[in-house]
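**Student:** After the structure tokens below, expect a handful of questions from me.
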Amino acid sequence: MRRRGGGKGTQTSDLPFVSHGPQPIVLSLGVVDELQIEFSQYEHPVVMTVEDQAKYVGNSEGGLSKNLFLKDKKNRFYIVSALADTKVDLKVLSQRLGLGKGGLRMAPEEALGEVLQVPLGSVTPFALVNDSARNVSLLLDQGFKGQERCLFHPLSNDMTISLNVCELDKFLRSIGRDSSYVDLEANPPVGKDNPPDLAALVPSDSIVLPDLPEKAASLQAPPKAHVVSNNKSTEITAKATEPSRKVKNVKDKPVNSVQPSSSFKDVGQFVEEILDKTSALLLSEITEETIKQHGQQLGVVVSNCIRERLASELKTDTTLYMQTAYTEGFHVARKMFQSTDIHHQFRCL
Amino acid sequence: MDSKAAERGASENEKETPQEQEQEQVVNPWEVAAKEGGKIDYDKLIDKFGCQRLDPSLIDRVERLTSRRAHVFLRRGVFFAHRDFNDILDAYERGEKFYLYTGRGPSSEALHLGHLIPFMFTQYLQEAFKVPLVIQLTDDEKFLWKNLTVEESRRLARENAKDIIACGFDIRRTFIFSDFDYVGGAFYRNMVEISKRVTCNQVVGIFGFIGEDHIGKYSFPPVQAAPSFPSSFPHLFSGKDNLRCLIPCAIDQDPYFRMTRDVAPRIGYHKPALIESLFFPALQGETGKMSASDPNSAIYVTDSEKVIKNKINKYAFSGGQDSIEKHRQLGANLEVDIPIKYLSFFLEDDAELEHTKKEYGSGRMLTGEVKQRLIEVLTKLVERHRRARAAVTDEMVDAFMAVRPLPNMFN
């Protein structure tokens, strides 16, 4: 499909040529209880950026969304879905979630496929329909509520659907999720007397990805030159009816669904966390007030404060690190001896 | 009356008939109840059992020997009684080490704060004195006394082990074992040596067994006694028959170890030393100990912040007055106030506790504020425990429970 009209620009041309024009289509999503959700749907060439998407659908009624797939240092994942114009500051969000400054990064590409099961450029709240994304936290821009309709990708970036945000809520509820609307532009202070206001949105479980040596070529959605598919409705239902698809990387542990924090195995991560905690405390203790109050002595005061407040927490963490290392060593030794039968020596004498 | 005479006297007291004991408070491993409507009288208990009060000079001595501040439980008199703790310290000063022995009867998956107390204290002792520790999970006992299958009690033992490990024990010097897995070999030989030196009449006197009780109950006490002797752990203490043992426990376990101490010299070992704690009061007040069967009597390690807040606000017995005016006038009754009691267990800052007691006792501070502070303290504690617990894997439990040598356990 080619765009009519020449030239680039963020100004959209006429509505895109789509084989089926925008119309309200009531579909049943094969999710739970055959939900009836009202939305309009547009096809267009694959778009990798919001600007590109805007060229095709920006003229239709609705707030275009931008969707970020993020990860913190403890392998917990987040989708931040916001109006294209909302300013999202990752540093501020990170603090509001209680992850310290710089605790949030863009998730790596492999995670898109492994966790959200969508191709590059298709991050969308709808990806939460997949079981692999059950531990991903969703933050929705409060601004969506003020829009008649909002525009999201369904599960691929060659389509955009437009729906009222209540319909999105309905969908989320049907897959057992809460809708958490957040004022993404707010920047409340976070410190000793002001706990991080979004801490409740941090997932309780982390997701550990396997080390994929070859970045699977399949993750890169081949740009489709022409949209051919007539079965628009199957796009969502197809994924939705596979709720049993588990994340491939979750090792077949029988019951234990809680993944222990990987920072207890990774020196770099462990040290970073210690430095994050120390630095957060340090920064919160150095304010105009405390400088005025202690002057030259502030260094000593803060130093003592850090020692006092962090000692026992760091001890706990380090003990866990040590226990984890020992356990690994123990199991290696056990394996070694199992093969030569010497382990019988260690039975109770 | 010297300590040995006190002990002898105590063993004789145990021969009181059940009728005589009805009027008194009841304290044994299976039941703790104060005299009607009152609280546990610990002075009477010490008298009756024949153990010693832990006086401040001993606490100072511990601080000197370990070069660090005494644990908050020592400072606040939570661990308040002992047997032969000064002998342990004397030996330690001479360069003779000891090992720690504590345990848990895994009767339920849900652990509450009262269960954690001996483990928190033992972890401190291990760290401060740098000594090895054995932890016994009496899954056989729970099978014998409760309505559980063998499988279930073994499973509970492993689950409880995870919460115990979360208290931060040093894996390089800690051996955790379950009776169903470990009993045998040298451990069993000691059990039989012990059983030969204890009569049926004695266990009836100490534990209150009756003719209708199954023989499993009668044969259990030696199982809990055997870990007091180093030769029960040949993979750890081979050749160290002279090694002393210190047992941190709640005071209701005293009867087991009185029996053990009676037997020890007759089989050629040191008597195990004991350091004993009060009971952690139930939320509703100090008439007994926390019960795993009433979820609102205790704060569980799995309670969320919301649940903790609700439990403290709703169920924690307050010593405050009925109305604000009356409270400002008379102040709070600190003797019965549960939030203050809990704070004295868990609020580390001595100065803050003193200040709170003063303000609350004089009526200047209200119950709500005290409860709020308690909720903060408990939430932090429970959070830390949960975090540590989440990091404990089945592999880690295997490692702690493996019959393995512990080189450098005294370093």
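The values are calculated or read from the model by the stated rules, or taken from the named source; none is laboratory data. Just so it is clear, the model here is predicted, and its values are computed rather than measured. So basically every Cβ, Gly included, is an ideal-geometry build from the backbone, and we count neighbours across all protein chains shown.
This table checks each residue for (1) closer than 20 Å to B:ILE117 by Cβ; (2) over 18 Å from the mean Cα position of the chain (by Cα).
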residue: B:LYS39; (1), (2): yes, yes
residue: B:LEU45; (1), (2): yes, no
residue: B:ASP55; (1), (2): no, yes
residue: B:ARG69; (1), (2): yes, yes
residue: B:GLY77; (1), (2): yes, no
residue: B:PHE85; (1), (2): yes, no
residue: B:ASP90; (1), (2): no, yes
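**Student:** All but one of (1) within 23 Å of the chain's Cα centre (by Cα); (2) more than 11 Å from every other protein chain (Cβ to nearest Cβ); (3) of a type outside the set (Asp, Glu) hold for B:LYS358, so report the exception by its number.
**Tutor:** (1)
Yes or no, residue by residue, for (1) touching a Gly at 6+ places or on another chain (Cβ under 9 Å); (2) under 24 Å from B:PRO132 (Cβ atoms); (3) acidic (Asp, Glu):
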| residue | (1), (2), (3) |
| --- | --- |
| B:PRO248 | no, yes, no |
| B:ASP252 | no, no, yes |
| B:PHE257 | no, yes, no |
| B:VAL263 | no, yes, no |
| B:ALA273 | no, yes, no |
| B:PHE280 | yes, no, no |
| B:GLY285 | no, no, no |
| B:GLN329 | yes, no, no |
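**Student:** Same structure, new question: Can you tell me which residue is surrounded by the most Cβ atoms within 10 Å (Cβ to Cβ) among those in region B:180-210 that are among the β-branched types (Val, Ile, Thr) and within 24 Å of the chain's Cα centre (by Cα)?
**Tutor:** Pass one, region B:180-210, residues among the β-branched types (Val, Ile, Thr): B:183, B:192, B:194, B:198-199, B:203-204, B:206, B:210.
Next, from what is left, pick out any that are within 24 Å of the chain's Cα centre (by Cα): B:183, B:194, B:203-204, B:206.
Numbers: B:VAL183: 16, B:ILE194: 24, B:VAL203: 21, B:VAL204: 16, B:ILE206: 21.
Among those residues, the one meeting the criterion is B:ILE194.
**Student:** Out of B:LEU334, B:LEU330, B:LEU374, which single residue is more than 13 Å from every other protein chain (Cβ to nearest Cβ), more than 24 Å from B:SER108 (Cα to Cα) and at pLDDT 95 or above? Let's see the steps before the verdict.
**Tutor:** Numbers: B:LEU334 fails: at pLDDT 95 or above; B:LEU330 fails: at pLDDT 95 or above.
None of the others qualify; the one that does is B:LEU374.
**Student:** Where residues in region A:291-329 are touching an Asp or Glu at 6+ places or on another chain (Cβ under 6 Å) and either within 17 Å of A:ASP276 (Cβ to Cβ) or not in a helix (DSSP H, G or I) (or both), which of them is farthest from the other protein chains (Cβ to nearest Cβ)? Before the answer, list the steps.
**Tutor:** Taking region A:291-329 as the starting set, the residues that turn out to be touching an Asp or Glu at 6+ places or on another chain (Cβ under 6 Å) are A:302, A:305, A:327.
Cutting the leftovers down to either within 17 Å of A:ASP276 (Cβ to Cβ) or not in a helix (DSSP H, G or I) (or both) gives us A:302, A:305.
Details: A:VAL302: 19, A:CYS305: 13 Å.
Across region A:291-329, the extreme among qualifying residues is A:VAL302.
**Student:** On the given criteria, is A:ILE291 without any contact (Cβ under 8 Å) to a residue 60 or more places away in the chain, surrounded by 14 or more Cβ atoms within 10 Å (Cβ to Cβ) and either on the phi > 0 side of the Ramachandran plot or among the hydrophobic types (A, V, I, L, M, F, W, C) (or both)?
**Tutor:** no
**Student:** Right, something else. When you go through A:ASN157, A:ASN130 one by one, which is the residue that is crowded, with 23+ Cβ neighbours inside 10 Å and at pLDDT below 90? Steps first, answer last, please.
**Tutor:** On the way: A:ASN130 fails: crowded, with 23+ Cβ neighbours inside 10 Å.
Selected residue: A:ASN157, the only one of A:ASN157, A:ASN130 that is crowded, with 23+ Cβ neighbours inside 10 Å and at pLDDT below 90.
**Student:** So A:ASN135 ticks every box in (1) assigned to a helix (DSSP H, G or I); (2) surrounded by fewer than 22 Cβ atoms within 10 Å (Cβ to Cβ) but one. Which box is left unticked?
**Tutor:** (1)
**Student:** Could you tell me which residue of region B:358-411 is farthest from B:ASP322 (Cα to Cα), considering only residues that are aromatic (Phe, Trp, Tyr) and part of a helix (DSSP H, G or I)? It would help to see each step written out before you state the result.
**Tutor:** Keep residues of region B:358-411 that are aromatic (Phe, Trp, Tyr), which gives B:360, B:400, B:410.
Within this subset, residues satisfying the condition of being part of a helix (DSSP H, G or I) are B:360, B:400.
Values: B:TYR360: 14, B:PHE400: 51 Å.
Step by step, filter region B:358-411, then rank; the result is B:PHE400.
**Student:** Sticking with this one: Any residue at all in region B:399-406 that's within 13 Å of another protein chain (Cβ to nearest Cβ) and surrounded by fewer than 17 Cβ atoms within 10 Å (Cβ to Cβ)?
**Tutor:** Filtering region B:399-406 down to residues within 13 Å of another protein chain (Cβ to nearest Cβ) leaves B:399-406.
Applying the additional criterion that residues be surrounded by fewer than 17 Cβ atoms within 10 Å (Cβ to Cβ) yields B:404-405.
Among the residues of region B:399-406, at least one is within 13 Å of another protein chain (Cβ to nearest Cβ) and surrounded by fewer than 17 Cβ atoms within 10 Å (Cβ to Cβ), which makes the answer yes.
**Student:** Which of the residues belonging to region A:154-169 are touching a strand residue (DSSP E or B) at 6+ places or on another chain (Cβ under 6 Å) and part of a helix (DSSP H, G or I)?
**Tutor:** Residues satisfying the conditions are A:VAL165, A:GLU167.
**Student:** Now for a different question. Identify the single condition in (1) at pLDDT 90 or above; (2) under 30 Å from A:ALA199 (Cα atoms) that B:PRO295 does not satisfy, given that it satisfies every other one.
**Tutor:** (1)
**Student:** Give A:GLY100, A:GLY176, A:GLY113 a once-over and let me know the one that is at pLDDT below 85, buried (at least 16 other Cβ atoms within 10 Å of the Cβ) and either in a loop (DSSP other than H, G, I, E, B) or touching a Phe, Trp or Tyr at 6+ places or on another chain (Cβ under 7 Å) (or both). Reasoning before the result, please.
**Tutor:** On the way: A:GLY176 fails: buried (at least 16 other Cβ atoms within 10 Å of the Cβ); A:GLY113 fails: either in a loop (DSSP other than H, G, I, E, B) or touching a Phe, Trp or Tyr at 6+ places or on another chain (Cβ under 7 Å) (or both).
Only one candidate qualifies: A:GLY100.
**Student:** Exactly one of these conditions fails for B:THR379: (1) out of contact with any strand residue (DSSP E or B) (no Cβ under 8 Å at 6 or more places or on another chain); (2) among the β-branched types (Val, Ile, Thr); (3) farther than 21 Å from B:THR302 by Cβ. Give me its number.
**Tutor:** With respect to (1) out of contact with any strand residue (DSSP E or B) (no Cβ under 8 Å at 6 or more places or on another chain); (2) among the β-branched types (Val, Ile, Thr); (3) farther than 21 Å from B:THR302 by Cβ, B:THR379 is out only on (3).
**Student:** In region B:203-228, what count of residues is obtained for those that are outside any helix (DSSP H, G or I) and touching a Pro at 6+ places or on another chain (Cβ under 9 Å)? Please lay out each step first, then the result.
**Tutor:** Looking only at region B:203-228, we keep the residues that are outside any helix (DSSP H, G or I), and these are B:208-214, B:220.
Of the ones still in play, those that are also touching a Pro at 6+ places or on another chain (Cβ under 9 Å) are B:208.
The total comes to 1.
**Student:** Condition test on B:ALA128, is it surrounded by fewer than 21 Cβ atoms within 10 Å (Cβ to Cβ), out of contact with any helix residue (DSSP H, G or I) (no Cβ under 6 Å at 6 or more places or on another chain) and either within 21 Å of B:GLN253 (Cα to Cα) or in contact (Cβ under 8 Å) with a residue 12 or more places away in the chain (or both)?
**Tutor:** On the way: surrounded by fewer than 21 Cβ atoms within 10 Å (Cβ to Cβ): yes; out of contact with any helix residue (DSSP H, G or I) (no Cβ under 6 Å at 6 or more places or on another chain): no; either within 21 Å of B:GLN253 (Cα to Cα) or in contact (Cβ under 8 Å) with a residue 12 or more places away in the chain (or both): yes.
Judged against the criteria, B:ALA128 is not a match.
**Student:** Let me ask something else. Could you count how many residues in region B:176-196 are farther than 25 Å from B:ASP398 by Cα and of a type in the set (Ser, Thr, Tyr)?
**Tutor:** Qualifying residue count, region B:176-196: 1.
**Student:** Kindly indicate whether B:THR393 is within 14 Å of another protein chain (Cβ to nearest Cβ), surrounded by 16 or more Cβ atoms within 10 Å (Cβ to Cβ), over 24 Å from A:ALA199 (Cβ atoms) and polar (S, T, N, Q).
**Tutor:** In short, yes.
**Student:** Follow-up question, since we're still on this one. Could you grab the pairs with beta carbons closer than 7 Å, sequence gap of 6+ or different chains, first residue in region A:300-323 and among the aromatic types (Phe, Trp, Tyr), second one surrounded by 12 or more Cβ atoms within 10 Å (Cβ to Cβ)?
**Tutor:** Pairs found: A:TYR321/A:PHE264; A:TYR321/A:PHE270.
**Student:** Exactly one of these conditions fails for B:ASP87: (1) within 14 Å of chain A (Cβ to nearest Cβ); (2) under 15 Å from B:ILE247 (Cα atoms); (3) among the acidic types (Asp, Glu). Give me its number.
**Tutor:** Only one criterion in (1) within 14 Å of chain A (Cβ to nearest Cβ); (2) under 15 Å from B:ILE247 (Cα atoms); (3) among the acidic types (Asp, Glu) is unmet by B:ASP87, namely (1).
**Student:** A follow-up question, please. Select from region B:132-171 the residues that are away from chain A (no Cβ under 14 Å), surrounded by fewer than 20 Cβ atoms within 10 Å (Cβ to Cβ) and not in a helix (DSSP H, G or I) and list them in ascending order.
**Tutor:** Of everything in region B:132-171, those that are away from chain A (no Cβ under 14 Å), surrounded by fewer than 20 Cβ atoms within 10 Å (Cβ to Cβ) and not in a helix (DSSP H, G or I) turn out to be B:LYS146, B:ASN147, B:LEU148, B:THR149.
**Student:** Oh, and also: Considering every residue within region B:303-318, establish whether at least one is buried (at least 18 other Cβ atoms within 10 Å of the Cβ), among the aliphatic types (A, V, I, L, M) and within 14 Å of chain A (Cβ to nearest Cβ).
**Tutor:** Within region B:303-318, none of the residues are buried (at least 18 other Cβ atoms within 10 Å of the Cβ), among the aliphatic types (A, V, I, L, M) and within 14 Å of chain A (Cβ to nearest Cβ).
**Student:** Still on this structure: Look at region B:1-55 and say how many of its residues are assigned to a loop (DSSP other than H, G, I, E, B) and at pLDDT 50 or above. First the steps, then the outcome.
**Tutor:** To start, the set of residues in region B:1-55 that are assigned to a loop (DSSP other than H, G, I, E, B) comprises B:1-2, B:14-17, B:23-25, B:29-30, B:34-41, B:50-51, B:54-55.
From the residues that got through so far, the ones that are at pLDDT 50 or above too are B:23-25, B:29-30, B:34-41, B:50-51, B:54-55.
Counting residues in region B:1-55 that are assigned to a loop (DSSP other than H, G, I, E, B) and at pLDDT 50 or above gives 17.
**Student:** Taking region B:229-258, which residues are assigned to a helix (DSSP H, G or I), hydrophobic (A, V, I, L, M, F, W, C) and under 17 Å from B:THR138 (Cβ atoms)?
**Tutor:** Keep residues of region B:229-258 that are assigned to a helix (DSSP H, G or I), which gives B:230-232, B:234-237, B:251-258.
The next check asks that each one be hydrophobic (A, V, I, L, M, F, W, C); those that pass are B:236-237, B:251, B:257.
Passing the criteria: only B:PHE257.
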